[in-house]
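I have placed the structure first, in the form of structure tokens, so that the comments after it can refer back to it.
The values are calculated or read from the model by the stated rules, or taken from the named source; none is laboratory data. Here the structure is a predicted model, which means the values were calculated and not measured. Cβ sites come from the backbone with ideal geometry, for glycine too, and all protein chains shown count toward neighbours.
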Amino acid sequence: MRSIISVLVLVLSISCSSSKSGSSTEPTLPKNTPPARTEPVKAVASNPPATPDIEGFLKAFETAVAGKDFNGLFKLVDPAYKKEQHKRMLKGNTEQFLDELFCGNLAVGKGFKCVKVGTVTALKRRHVKKVKDIYEVEYEVTAGGTTIICTWTLRVRQEEGKQLLGLVGAVG
């Protein structure tokens, strides 16, 4: 038994000493982790500019958030997304559903955070970008002294000859 322990100690001491090559290795972050920020990232211009329909939708969104109009905000969410996330995943918990829309990376520093929609004090549009048949929108959202970057999708669908837009947040 002592010889087994002696062998284990010898193997461990050799493996530890061989990993110390005179330089200390810094811990590395996963490649998909965003870098830490020391100051907010500058807003990117819309590409292409928001169309009047998109602009009107985003103004309604901004007004609903600023006015704490949770019913108005809920109406702007895509019906298919509401069905999947609100009804199925969250069992109709509207407060949690709306709060979970407001999650993102910290604007300064490193990390991910969610804020309650009712505590949002500032909302600043950073960009609108058309990606195939959807739009990606990004906002700086400030609540309780913390600013996060939220990214949402605007789903465009046709219904009875009308173009309808709906906000889509994270899935899962």
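Can you tell me which residue within region 61-106, out of those that are out of contact with any strand residue (DSSP E or B) (no Cβ under 9 Å at 6 or more places or on another chain) and aromatic (Phe, Trp, Tyr), is nearest to Val156 (Cα to Cα)?
The selected residue is Phe74.
Does region 33-50 contain any residue that is modelled with pLDDT under 60, surrounded by fewer than 16 Cβ atoms within 10 Å (Cβ to Cβ) and in contact with a His (Cβ under 6 Å, 6 or more places away or on another chain)?
Yes, because at least one residue in region 33-50 is modelled with pLDDT under 60, surrounded by fewer than 16 Cβ atoms within 10 Å (Cβ to Cβ) and in contact with a His (Cβ under 6 Å, 6 or more places away or on another chain).
Go through (1) touching a Lys or Arg at 6+ places or on another chain (Cβ under 9 Å); (2) of a type outside the set (A, V, I, L, M, F, W, C); (3) in a helix (DSSP H, G or I) one by one and return the number of the condition Gln163 breaks.
Exception for Gln163: condition (3).
Give me the residue from region 123-154 that is out of contact with any Asp or Glu (no Cβ under 7 Å at 6 or more places or on another chain) and basic (Lys, Arg) and, out of that set, nearest to Ala66 (Cα to Cα).
In this case the residue turns out to be Arg125.
Kindly indicate which of Thr63, Thr119 is among the polar types (S, T, N, Q) and within 27 Å of Gln163 (Cα to Cα).
Going through Thr63, Thr119 in turn, just one is among the polar types (S, T, N, Q) and within 27 Å of Gln163 (Cα to Cα): Thr63.
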